[in-house]
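Comments concern the structure below.
The values are calculated or read from the model by the stated rules, or taken from the named source; none is laboratory data. Predicted model only: the values in this text are computed from it and were never measured. No Cβ is skipped: glycine too gets one built from the backbone with ideal geometry, and neighbour counts run over all protein chains shown. Side chains included, ligands, DNA and RNA excluded: accessible areas come from the protein's heavy atoms. Shrake-Rupley method; radii C 1.70, N 1.55, O 1.52, S 1.80 Å.
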Amino acid sequence: MRNARFRPDGTLEAGAALRHQRQFWFLGFQALPFLETTFRLTDRLNGTTGHGTTNDRAFDLKWQLWQEGAWRPALAVGLQDAIGTGIYGGEYLVASKRFGPVDVSLGMGWGRLGTGADLRNPFGLVSGRYKTRPRHVGQGGTPAYGSWFHGEDVALFGGVEWSLPTLFGEVEGLRAKLEWSGDALRDERGGYPARTTNLRGEARSRLNLGLQWQPTSWLDAGVHFVHGTDALVRLSLRMDPARPPEVPRRPPPAMAARPAMGTEDAIAPALRAAGFRPLGVEVAGAEARLAVEGGRFPTLAQAAGRAARAAQPHLPPEVERIAIAWHRAGAPVARLVLLREAMEAGAAGAGSAEEVLASSTLLPAAAPAAPLAAPGLAWAVEPRLALQLGDPGRAVRWQAGLAAGARYGLGEGFALAGSLAQALAGNLEDARPSDSRLPHVRSDLARYAREGKTAIPTLYGERIWTLAPDVFARVTGGLLEPMYQGVQGEVLWRPMDRPVALGLDLAWVAQREYRQRFAALGYTVTTGHASLYADLPVWGLYTVLRAGRYLAGDWGGTVEVGRRFDSGIEVGAFATLTDVPYRKFGEGSFDKGIYLRIPLQLLGPETTARAGAVIRPVVRDGGQRLIADNPLWDVTREGRAEALARGYMGFLR
């Protein structure tokens, strides 16, 4: 039921709604306090043939115009299927007012939400062009600006939601719903929306009934009777990414008292026992300098706090400053000086993480003055999941497997790395063959899945180092990713105390054969981009702007906007426009998608790993970039002042 209500800022919701001849899968995100976004994937009755199923992707937006007051209702405007084929395309204006346990909504709908045709379109009084609703689908995937709020007729809709009292003294969170819908169609038989008359998919009734149950803040379930004919079951899970559920973790080890005498030789073994790879230890008067690589801790504050605790029992009593050089992927990404006294007070409960942060000093990352020890071997085994959405035969295709990876640090930023992967289950290999008119740089995903079930995704040599303070460089050569091999170079200027960074990458690559071994297919390309990374001043927002040449040889740019929460969870979206015409790009018109990144530390283990998912409405070949390991922004991002301030509680965790 459409209303002017919004969930708490940042809320993520994923779920499904199932009824006869139709299944809806959705992912919702309260992107800003006043902006709600939803991506929907639908398996539906084929309205052209009247039998069988097809699928549709849609993207919805809802803006809050104003909040509810003592006498004034809340007001919102929404776009349904704003970027899609227009099958569900519709717009609405809705007001909601609460009266005790009863919430009342009333609104007006256009397009699909106006098929009830109760009134003439009021915008038609302003201009005659609003009386017709043009539909130019083309390849789909583009905003239908010329159709919004257009059409000869509109429909009125409304509903009542009643929060029921606790039943039997046990069952809480029940809500009864009664809705008069503006959508007069059960399905699209008869050719809607290409045709709007003589349809065979009209609903028997516009009156819908429902019972919703929300026993906890993270679960929402409901059963409904819609269109006068169909039962619908809905289930969704919700999460606040700012305060996600966490598996309890062991507290950090107690910080020992200062010893009467220091034992410098014991510091490196203590750091190793704490999960770090010690690269260098030096005690000079009142300052101890520790260089560490790796560790299980994803933030600078937590890594520095744990390193200080590990070294504490072995530092001479006269040491008052602990200077920690934090290395990732072989390169120093941050230098942080802690006051020993502040750490001691915070660990004892006589101080706080805020005081540790205020007394610390962050310095530009720079090459070490003297050679350091080699990091040695690091390895991991992790799950892998590949997704393809919108295949005509099945809405979701996937392949799950395991990957084992290893990296051997040789010192001075040099390393050898590689991985092996084994597919375990899925149906991605059955997806339809690519019909792309561009070089098949990504669209042969199904063939890679079918022929590369046992594969070598990566095998390369690499060096990451600092050219100057806060200026980083990377050169990687070998099997760079599952589909490409070659050489890539990258330079990044990332000032530790500013909200911007600038990067440049350039690569020559050859497309790998489908088994993902060592042979190539014969397609080669030079690709590269200039990138701007910027933190925005509100709501934890950031943006990445890229311009350059993509894998299919097309030139263009990418805009990415994301939001990062203090928990480390990130949600964002991107869009790429290049010189490839929409008709040549194919279905979807241009590359776009949404992504979600979740630190695995939230699930319990102390680890820097993250689970990530990228959801594209359709995988095509235009606007595709190389996906090599260790891009410099990801490697160095946590070494900035912004990241330190955001994760400062890690000093004492």
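For the subset of segment 583-626 comprising residues that are within 22 Å of GLU481 (Cα to Cα) and of a type in the set (Ser, Thr, Tyr), which member is least open to solvent (accessible area, probe 1.4 Å)?
Checking each candidate, the answer is TYR595.
Restricting to segment 329-376, name every residue that is open to solvent by 50 Å² or more (accessible area, probe 1.4 Å) and under 31 Å from the mean Cα position of the chain (by Cα).
ARG335, GLU354, LEU363
For segment 86-101, which positions are in contact with a strand residue (DSSP E or B) (Cβ under 6 Å, 6 or more places away or on another chain) and open to solvent by less than 40 Å² (accessible area, probe 1.4 Å)?
ILE87, TYR88, GLY89, GLY90, GLU91, TYR92, VAL94, ALA95, SER96, LYS97
What number of residues within segment 414-459 satisfy the criterion of being hydrophobic (A, V, I, L, M, F, W, C), closer than 19 Å to ALA510 by Cα and open to solvent by 20 Å² or more (accessible area, probe 1.4 Å)?
Residues that pass the stated criteria total 3.
Identify the residue in segment 627-653 that is open to solvent by 50 Å² or more (accessible area, probe 1.4 Å), farther than 19 Å from LEU336 by Cβ and in contact (Cβ under 8 Å) with a residue 24 or more places away in the chain and, among all such residues, is nearest to the chain's Cα centre (by Cα).
ILE627
Kindly state which strands (runs of 3 or more DSSP E) lie completely within segment 291-396 and contain at least 1 residues that are at pLDDT 90 or above and not assigned by the TED database to the domain that holds THR636.
In segment 291-396, 321-328, 331-339, 361-363 are the strands (runs of 3 or more DSSP E) which contain 1 or more residues that are at pLDDT 90 or above and not assigned by the TED database to the domain that holds THR636.
Restricting attention to segment 149-183, which residues are open to solvent by 20 Å² or more (accessible area, probe 1.4 Å), under 24 Å from PRO134 (Cβ atoms) and part of a loop (DSSP other than H, G, I, E, B)?
PHE149, GLU152, ASP183
Looking at segment 204-225, I want the residues that are farther than 17 Å from LEU167 by Cβ and open to solvent by 50 Å² or more (accessible area, probe 1.4 Å) and have a partner that is among the acidic types (Asp, Glu) and part of a loop (DSSP other than H, G, I, E, B) with Cβ atoms under 8 Å, at least 6 apart or on another chain. Which pairs are those?
SER217/ASP240
Would segment 377-387 turn up any residue that is over 26 Å from the mean Cα position of the chain (by Cα), surrounded by fewer than 18 Cβ atoms within 10 Å (Cβ to Cβ) and of a type outside the set (Phe, Trp, Tyr)?
yes
Return yes when GLU462 is among the charged types (D, E, K, R), buried (at least 17 other Cβ atoms within 10 Å of the Cβ), within 24 Å of the chain's Cα centre (by Cα) and assigned by the TED database to the domain that holds PHE518 and no when it is not.
no
Can you tell me which residues in segment 550-582 are touching a Leu at 6+ places or on another chain (Cβ under 9 Å) and open to solvent by 40 Å² or more (accessible area, probe 1.4 Å)?
VAL559, VAL561
Based on this model, can you work out whether LEU290 counts as within 23 Å of GLY647 (Cα to Cα), out of contact with any Lys or Arg (no Cβ under 9 Å at 6 or more places or on another chain) and surrounded by 12 or more Cβ atoms within 10 Å (Cβ to Cβ)?
Taking the combined requirement at face value, the residue satisfies it.
Output the number of the condition that GLN399 fails; it satisfies all remaining conditions of (1) more than 23 Å from ARG250 (Cβ to Cβ); (2) without any contact (Cβ under 8 Å) to a residue 40 or more places away in the chain.
It is condition (2) that GLN399 fails.
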